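K.L.:
The structure follows.
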Amino acid sequence: MSIAGAGVEPFYAVEINRLANERSRRGLPVIHMEGGQPSAGAPRAAIEAGHCALAGAEQGYWESGALKERIAAIYGERYRLAPGPSQVILSMGASGALVLALALLFERGSRVALPRPGYPAHRNVLRAMGLVPQELDCGPETRFQPTAAMITVLDPPPAGLILTSPSNPMGTMLERGELQALAAVCRARGIRIISDETYHGITCGRRAHSMHEFEPDSVVINSFSQYWCMTGWRLGWALVPVDLVDTMNRYSANMFLAPPTLAQHVALAAMDEQAELEEHVATYAKNLDLLVAALPGLGIMRMAPADGAFYLYADVSHLTSDSLAWCRELLEATGLALNTGRDFDSIHGSNFIRMSFAVSTPEILQAIDLLGGWLRRRSDS
Ligand SMILES: Cc1ncc(COP(=O)(O)O)c(C=O)c1O
């Protein structure tokens, strides 16, 4: 019997992580910079709140009204918007919110545009849901982000556009004017925007704007995974226009019944722990500065100009034409785990690597030493 999804692409970060874990099991040290998650866990006080909730609070299918109110309030604090709590649809991570949005918004077979390089699950989930990804080739001249001009020339226009700012794997952000221009062209051409704002809160001193400021008909997806350091708790949300609230709730109930209960208690408490979370963001900024200062001295000059998230996307085409093999060799020789660009770009990705710097600063310093030593040994041999 045929399997419809057999063609789904591998996730190379997972493969490198598996190799890194095998190495750890052999008792060898590893620095994990291959994955897309903070090395810190949820705030201490939030974990405490989770313990208390386990002892006495609701355990069944449940949705926290207080959490939805608190999330809606963020849009006032960060972006001067005033959505109602009902516009917040809780989900299993931003991943769950994406599935809900795609199921709700697009007919099977519709084209949805998205940047390449970009987060691989966007492309692969589109395919899994019977939609057609239309990749926009984004290079250094636009800081690897799509522009309004790219959307203007798509003929016929796609049904949707997925944007990610700050992006994974480049960490580059769409500025206010760029978001405004994208919103305008999409409105004029009837293109629905899904704005992935998973990395909001993690920006290097810059203010991130939400697409909802410029296009109230967009669907914004966000998550407790990254800023709140809660990847394994599987909680996120979609912010939807008022006219989508009822249908989105119906989809959500049918597909997932309810968001994870314990995670909702923990997330609500985590939202009060800004001081601890901002310390992590300060560490990421410091780590980025260290890498940007050190890599050119190691011969890695061309990097995307990251302004947020915790990724550095670097061109290593002068060192290899197969960055997956290069990452495997580096890991085996040094214990430093990085990811190949192939996860993010099926055309040019073999020329790139992604370094995830959501680790401690001593680990970053050690990573620079290991990489430098390995590159020197390679060029000498
Ligand atoms: C751009 C982007 N969107 C969504 C996700 C998935 O997030 P979640 O853990 O909330 O499902 C990730 C995870 O790395 C991501 O990088």
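K.L.:
Show the residues, 5+ positions off or on another chain, whose built amide H is closer than 5 Å to the amide H of ASN339.
P.N.:
ARG354, SER356
K.L.:
If you don't mind, there's one more thing I want to ask. Run the paramagnetic zone check for ARG176: 7 angstrom along Cα to Cβ, then residues of region 206-224 with backbone nitrogen under 18 Å.
P.N.:
Within reach of a label on ARG176, which here means backbone N under 18 Å from a point 7 Å along Cα→Cβ, region 206-224 contributes 206-216.
K.L.:
Going by Cα centres, region 130-188 and region 28-59 are how many Å apart?
P.N.:
For region 130-188 versus region 28-59, the Cα centre distance is 33 Å.
K.L.:
If I take all pairs of Cα atoms in region 159-240, what percentage of them are more than 20 Å from each other?
P.N.:
So the portion of pairs separated by more than 20 Å is 31 percent.
K.L.:
Assuming R0 = 35 Å, can you tell me the calculated FRET efficiency for the pair THR152 and ASP246, based on Cβ-Cβ distance, to the nearest 0.05?
P.N.:
Efficiency for this residue pair is about 0.55.
K.L.:
Cα atoms only, region 44-270: Rg and Dmax in Å?
P.N.:
17.3, 57
K.L.:
With θ set to phi - 60° and the Karplus curve 6.51 cos²θ - 1.76 cosθ + 1.60, what are the ³J(HN,Hα) couplings of region 22-33 in order, to the nearest whole Hz, using x for Gly and Pro?
P.N.:
4, 4, 4, 4, 7, x, 9, x, 9, 10, 8, 10
K.L.:
Relative to the longest principal axis of the chain, what angle (0 to 90°, nearest 10) does the C-alpha long axis of helix 65-79 take?
P.N.:
The two axes meet at around 70 degrees.
K.L.:
Relative to the longest principal axis of the chain, what angle (0 to 90°, nearest 10) does the C-alpha long axis of helix 245-256 take?
P.N.:
Its long axis makes an angle of about 60 degrees.
K.L.:
Starting from the eigenvalues of the Cα gyration tensor, five times each then square-rooted, give me the equivalent ellipsoid semi-axes of region 16-106, largest first, whole Å.
P.N.:
Here the semi-axes work out to 33, 21, 15 Å.
K.L.:
At a Förster distance of 25 Å, what's the computed FRET efficiency of ALA73 paired with ARG108, Cβ-Cβ distance as r, to 0.05?
P.N.:
E(calc), rounded to 0.05, equals 0.10.
K.L.:
Just subtract the alpha-carbon distance of ALA275 and ALA82 from 0.36 nm times their residue separation and send over the number in nm, one decimal.
P.N.:
67.0 nm
K.L.:
SER321 to ALA4: extension gain in nm, 0.36 nm per residue of separation minus the Cα-Cα distance? Numbers along the way, then the final one.
P.N.:
Values: separation 317, 0.36 × 317 = 114.12 nm, distance 3.18 nm.
Result for the pair: 110.9 nm of gain on full extension.
K.L.:
Considering only DSSP beta bridges where both residues belong to region 44-270, give the percentage that are antiparallel (nearest 5).
P.N.:
In region 44-270, DSSP labels about 35 percent of beta bridges as antiparallel.
K.L.:
Hey, another quick one. For ALA57 and ALA282, calculate 0.36 nm times their separation in residues minus their Cα-Cα distance, and state this gained length in nm to one decimal.
P.N.:
77.6 nm
K.L.:
Treating the angle as unsigned and between 0 and 90°, give the value, to the nearest 10°, between the Cα long axis of helix 361-380 and the longest Cα principal axis of the chain.
P.N.:
Once rounded, one gets 40 degrees.
K.L.:
With just the Cα atoms of the chain, tell me how far they stretch along each of the three principal axes, in Å, largest first.
P.N.:
Sorted largest first, the three principal extents are 64, 57, 52 Å.
K.L.:
What percent antiparallel are the DSSP beta bridges of the chain, to the nearest 5?
P.N.:
50 percent
K.L.:
Shifting gears a bit: In whole percent, what relative contact order does region 299-339 give with Cα contacts below 8 Å and a gap of six or more residues?
P.N.:
25 percent
Bear in mind that the values in this text are calculations on the coordinates, not laboratory data. Computed from a predicted model, the values in this text were never measured in an experiment. Every residue, glycine among them, receives a Cβ derived from its backbone with ideal geometry; neighbour counts consider all protein chains shown.
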